[in-house]
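The values are calculated or read from the model by the stated rules, or taken from the named source; none is laboratory data. The shown structure was predicted, so the numbers you read here are calculated from the model rather than taken from an experiment. Cβ atoms come from the backbone with ideal geometry, glycine included; neighbour counts cover every protein chain shown. Accessible surface areas use protein heavy atoms only, side chains included; no ligands, DNA or RNA. Shrake-Rupley method; radii C 1.70, N 1.55, O 1.52, S 1.80 Å.
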Amino acid sequence: GKNIIFHIIYIILAFVAAIFVPNFVGDVLFNETGVLIMGTLIPVYESIVAVCTVGEADDTVWLQFWIFNATFTYATEFMDVIKEALPNAGEHWYEFEFFVTLWLMLPFTDGATLIYDKVTEPFIAPICRNAKSKMDGWGAIIITLINSSYLWIVWFTFMSLPEPARRFVVVAVGTLYPVVASTVAITTKEDGLDDTHWLTYWSCFTLLFILMDYLETWVGSIRGFYSLCLCATVWLFLPMFQGAKSVFRNVLVPLSGQYENMLLHDVYLVRRDVEKKIPEKMHEKVFPRFARVFAKGKVE
């Protein structure tokens, strides 16, 4: 994705496709369903595969995608309103969204990594690290509120907002802090577990967002709907609940057929932890016995 020629070629091909693609093909691809499959379902599946494979490099790649994808989605939250007010501006919106998402994902363009290398790491990451340290302090306050008798005040304030504002709050809570925390995760060279944690979160929150977007047409006017969505969002990312991890391991992984790979990844993490705790000079002696424990379930 670092070769500018690839990006130029892609832009030219995208323009040609948008103009000359047959109408029946455009009706299938350039609509809400096409964007949903391209920008959500495929990345969610690939993220599950990344988390369940040994190593963290692919986790980082897909986390870079989700950072920009979430920012792009949040920044265009009001596009439906704009399309109603300016039909001409919204006429080709789905084409634009489809090709931007594809640009982020394709290996030869790898737009997400390009944005990370040229914009996120040099300019945004330092700001995010500073913001996260401040947000972590607010997180402690939020947890205190959750565990206190003043929670009803927060709930009452939220419920007093109009429906569009409540929806905006849910999306903001599920996007802003996780984007900052994810940016910090990929810019800190630690053990990679923070990358995995936030990749797990984005896989779950994205599906929750789709569910909310789908159900609000019928039940969005019912008081308490957005409160439930907000509670589910907070449950997913707060460390005290580990909700995303629970949904990911017990629901998404089995549905995607990655359960065996997840177990192998767990074994890899155990091995890495053992390597840290056992002196290197004892590795040759201990590891064969360690392998036999896994193979036979007993120490010889």
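Working with all protein chains in place, sort His7, His92 by solvent-accessible area computed with a 1.4 Å probe, largest first. Walk me through the numbers on the way to the answer.
Working: His7 15, His92 105 Å².
Descending order: His92, His7.
Estimate the FRET efficiency between Ile5 and Thr188 by the formula 1/(1 + (r/R0)^6), using the beta-carbon distance for r and 25 Å for R0, to the nearest 0.05.
Values: r = 33 Å, r/R0 = 1.31.
It comes out at approximately 0.15.
Does a label point 7 Å from the Cα of Asp266, set along Cα-to-beta-carbon, have any residues of segment 38-70 with amide nitrogen under 19 Å, and which are they?
The answer is 48-56, whose backbone nitrogens lie closer than 19 Å to the label point.
Between segment 5-43 and segment 170-239, what's the alpha-carbon centroid distance in Å?
Computed from Cα coordinates, the inter-centre distance equals 27 Å.
Test of understanding: what is the full-extension gain from Glu216 to Val25, defined as 0.36 nm times their sequence separation minus their Cα-Cα distance? Show your work: numbers first, answer last.
Values: separation 191, 0.36 × 191 = 68.76 nm, distance 2.90 nm.
Computed gain between Glu216 and Val25 is 65.9 nm.
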